[in-house]
């Protein structure tokens, strides 16, 4: 019985020794894990209380002759907690550093952003200025084109006005010409009538036909064209006496000098002689004499008398 | 025979010392009758919190140990109940730490992403200034 008791006690002792050895290994592993953790550089500043707590737990296990499973478990958990707290504090520190970096970055970004915004604003302003200049240039060109167009319109209007004025002037000229022509026709008609109504009279020298001063241009020896073309009556008068000599006498009124009047009367007599010759009258039959103001037929004191005195007498001389 | 007596005496002494130490430990921590229920409420609150999804392994341990604690309480094994309770408290603390670590890691990653994005953006801005 005693032997059995001893055997049992020895077996228990051996078992307890095996259990203790197992615990010792676990404790050693725990201690190494703690040492390794303690050596990690990044965790050195952190979880100091937790580290101390874990260390105390592990040391207590070492001091205990027969550490309980619960104590080992708790020591391990304390080490885990120490590790996690260290990691947590490390992360918090990292987070703080990162936040500082982010804050600094944000400040730098704001500063650069402001610079960029200022630059963009400057660029925009520059662009706006350029656009404004372009708009001003275009407006200026438009204005110039408008002014040029206005000038052209004004010029065209002026030309139109000028043309209208010229047309009006031409119309007036035409009217005047027409009036003059009408007058000329009337004059010619009058002249023709006067020439056709010419009558001859018997004088001592012979048959006389008197041409009034209406036959000539004023103060001139030029015979009017109308008179030249309507000289038929005179020619018929002369043709009635083909064998007789003809004397053409020029007379004037008393206005002007005597020599002028004499010269004018001679020229008028010559002109009539020349006209007769043009109508086929032989020049040898015709004699032209300027009498001046020497033989008036009416009073030179009146206009009517003067008119009568300005004349050319064509005399069919008696043989 | 003499040796056996000595061994026996030593064993008895060791047993007495251990008993005394156990008594001393027990004297340090007073048993709380409501301790289990308080812990149960604490665990339930934890399971309803985001910590549960952040630390699934720890939650598994806690649930398993809660079963053991309940059994110890039912068997009136106060010492065991107190030990398991202490272990559960440690697991709860670890679960909280795990959750916090996850959160901090996520936050740090997010911040680092922001820094990277900020650096790229700053570089682009500086390019615009050239």
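Per the Debye formula on identical point scatterers at the alpha carbon atoms of segment A:1-197, with no solvent, log10 I(q)/I(0) at q = 0.08, 0.16 Å⁻¹ is -0.71, -1.09. In terms of surrounding Cβ atoms within a 10 Å radius of their Cβ, A:286, A:40 rank from fewest to most as A:40, A:286. In segment A:82-208, the C-alpha radius of gyration followed by the widest Cα-Cα span (Dmax) gives 52.7, 181 angstrom. Derived from the Cα gyration tensor, the three semi-axes of the equivalent ellipsoid of the protein assembly as shown are 174, 20, 16 Å, largest first. Each peptide among A:251-258, A:178-185, A:208-215 gets the average number of other Cβ atoms lying within 10 Å of its residues, and from highest to lowest they stand as A:208-215, A:251-258, A:178-185.
Of all beta bridges DSSP finds with both residues in chain A, what is the antiparallel percent, to the nearest 5?
Among the beta bridges of chain A, antiparallel pairing accounts for roughly 75 percent.
Mean partner shielding of peptide A:59-70, defined as the number of other chain Cβ atoms within 10 Å of each residue Cβ, is 2. Considering only Cα atoms, the convex hull volume of segment B:31-129 works out to 90 Å³ per residue.
Its residue count N sets the reference 2.2 N^0.38 Å, and the alpha-carbon radius of gyration of segment A:199-317 equals 1.00 times that reference. I'd like the antiparallel share, as a percent to the nearest 5, of DSSP beta bridges with both residues in segment A:199-317. Percentage antiparallel, nearest 5: 75.
In chain A, helices alone account for a calculated mean residue ellipticity at 222 nm of -25500 deg cm²/dmol, with every DSSP H run of four or more residues adding -39,500 (n - 2.57). Segment A:272-319 and segment A:252-271 have Cα centres separated by 11 Å. With Cα atoms defining each centre, segment A:159-186 and segment A:195-246 are spaced 36 Å apart in the structure.
Only the coordinates and a few stated rules stand behind these numbers; no lab work does. As the structure is a computational prediction, the values presented were derived from the model and not from experiment. Positions of Cβ are backbone-derived with ideal geometry, glycine not excepted, and every protein chain shown enters the neighbour counts.
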